[in-house]
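Below: the structure, in structure tokens.
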Amino acid sequence: MAGPATFWLRRVERGGGPIYLAILRALEAAITDGELQAGEQLPPQRTVAAVLGVDFTTVTRAYAAARARGLVEGAVGRGTFVAGRAAEDEAGLVDLSMNLPPPPKGLNLGKLLKETAGAVLDRTDPQALMAYHPSGGSLAQRAAGGVWLAPCLGEVSPDRIVVAPGAQAALAATLALLTRRGDVIIVEPLTFPGVRSAAALLGLRLVACPVDDEGFDPAALARLCGETAARAIYCIPTQQNPTAVTMGEARRREVAQIARAAGVPIIEDDAYGRLPSAPLPAIAAFAPEHVWHLATTAKALSPGLRIAYVAAPDAGAAQRLAEALRATTLMPAPLGAAIATAWIREGTADKVLAAVRAEAGERQALARQILPAAHGSPEAIHIWLDTPDHWPGDRLRDTAQSRGLSLVTAEAFAAAPGARSGLRISLGGPAKQTVLAQALRGVAAILGGEPSGRLVV
């Protein structure tokens, strides 16, 4: 082979028909498997011909067929490139399982990223930008984090804020800081899979607290704090993942009071706290000295930024968390942190957030129309749908996959046996509302039928 650019040619299988079709199949497989990425330049046709030992016109015919199928694009003098494709086309599935914000309505996110990255590089010494940076973020980055958190927390001193490379890293580091192997963490019965995986890694035991339509049942929470010697309480008070429940302000005050009285710190995962246009005060606003408040840009702006902010109980706690993060992830990616900081300072983050809210609102309206039994806040990026007993989770996932849909069921979120059955349906994955609508109709059709092989009597 001539080099890395031609590695995909090892997939060409001869003897199964015309060689140009073998090249086409190899190219399509390399794109589907992710070996060739969107925007990647293909080797010149003469190079391919030389590597495979075929004539030039055979390769020209293969490239033309790939262009006709929309696999590649290009122009004379520029070369041939792998075409950009929607995520649902790349995977062959419409993904309703990964929770991410929808494309911001009326904004070109790619253009904004390019403009901000260019501006950051223009005003920053690239050598300094690409060097090692403080593990908990610079003063400017922590101050920007305070601005991002303010609508839910009020004013927070930068010395209490830690900048982390994503909410999962922040969550794992916070748990490691607060607990020891064998300790108990109180959670909701259906909870974020990331806390399950972090608890398993750290050897922690999750205990599910009963909930109602506003979150933790206060009496049950107080009882469990006393009975289990819990080391922390973990919850998602706004647009809970997966059930989409939002805890009211009075309940937040009550939960804060219970935790303070019991001496059990709260880890408040406020991933969705900025999505409502009128955000509720965070639990941390009622007991700042007792709550570790985690907020990520991933669910409100873009998961690709990989920037999260933690408001620790005090400056000393923030320093300990920064040291814990340094031991595992060292620091946030400098360019991502610089972009997030610029967006917050310049107001771009608020513009993107408003556009995400607008798109999320339209998608929620669409979901309510097609799946009226679903639960979800008007500006949330996911919904929860209880499922009938005759649709076991594994059968439901398999049936959906056979119909081109990727779904995640309650089993992925269950902190203990016996949790309710259902689906968390993410509304932000499909690039277009038309694709989302078709997918939601597909879910409705599946749930309106019977699992294959089930006897109906």
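Of A62, A66, A30, which residue is buried (at least 18 other Cβ atoms within 10 Å of the Cβ) and touching an Asp or Glu at 6+ places or on another chain (Cβ under 8 Å)?
From the options A62, A66, A30, the qualifying one is A66.
The conditions are (1) over 27 Å from A244 (Cα atoms); (2) part of a loop (DSSP other than H, G, I, E, B), and S97 fails exactly one of them. Which is it?
(1)
Specify which of the listed residues (A164, A173, A128) is loosely packed, with under 15 Cβ neighbours inside 10 Å and of a type in the set (A, V, I, L, M).
Going through A164, A173, A128 in turn, just one is loosely packed, with under 15 Cβ neighbours inside 10 Å and of a type in the set (A, V, I, L, M): A128.
Only one of these is of a type in the set (A, V, I, L, M, F, W, C), open to solvent by 20 Å² or more (accessible area, probe 1.4 Å) and either without any contact (Cβ under 8 Å) to a residue 24 or more places away in the chain or assigned by the TED database to the domain that holds Q141 (or both): A365, A419. Name it.
Going through A365, A419 in turn, just one is of a type in the set (A, V, I, L, M, F, W, C), open to solvent by 20 Å² or more (accessible area, probe 1.4 Å) and either without any contact (Cβ under 8 Å) to a residue 24 or more places away in the chain or assigned by the TED database to the domain that holds Q141 (or both): A365.
Show the residue pairs meeting these rules: Cβ distance below 7 Å; 6+ apart or different chains; first residue within the stretch 36-63 and farther than 15 Å from R11 by Cβ; second residue modelled with pLDDT under 90 and assigned to a helix (DSSP H, G or I).
Taking only residues 6 or more apart or on different chains, the pairs are T47/T6.
Mind telling me which of the residues A169, A119, A131 ends up being at pLDDT 95 or above and of a type in the set (A, V, I, L, M)?
Testing whether each residue is at pLDDT 95 or above and of a type in the set (A, V, I, L, M) leaves just A169.
Would you be able to tell me the number of residues in the stretch 304-345 that are outside any loop (DSSP other than H, G, I, E, B), open to solvent by 50 Å² or more (accessible area, probe 1.4 Å) and in contact with a strand residue (DSSP E or B) (Cβ under 9 Å, 6 or more places away or on another chain)?
1
Please state which of the following conditions A380 fails to meet, knowing it meets all the rest: (1) more than 30 Å from L175 (Cα to Cα); (2) modelled with pLDDT of 95 or more; (3) open to solvent by less than 30 Å² (accessible area, probe 1.4 Å); (4) assigned to a loop (DSSP other than H, G, I, E, B).
(1)
Restricting attention to the stretch 131-149, report how many residues are crowded, with 21+ Cβ neighbours inside 10 Å and more than 19 Å from G347 (Cα to Cα).
So the answer is 3.
Given the criterion open to solvent by less than 20 Å² (accessible area, probe 1.4 Å), under 23 Å from G84 (Cα atoms) and touching a strand residue (DSSP E or B) at 6+ places or on another chain (Cβ under 9 Å), identify the matching residue among L36, L24, L9.
The match here is L36.
The values are calculated or read from the model by the stated rules, or taken from the named source; none is laboratory data. Worth saying up front: this structure is predicted, and the values here are computed from it rather than measured. All Cβ positions, even for glycine, are placed from backbone atoms using ideal geometry, and neighbour counts span all protein chains on display. These area figures cover heavy atoms from the full protein model, side chains too; ligands, DNA and RNA do not enter into them. Shrake-Rupley method; radii C 1.70, N 1.55, O 1.52, S 1.80 Å.
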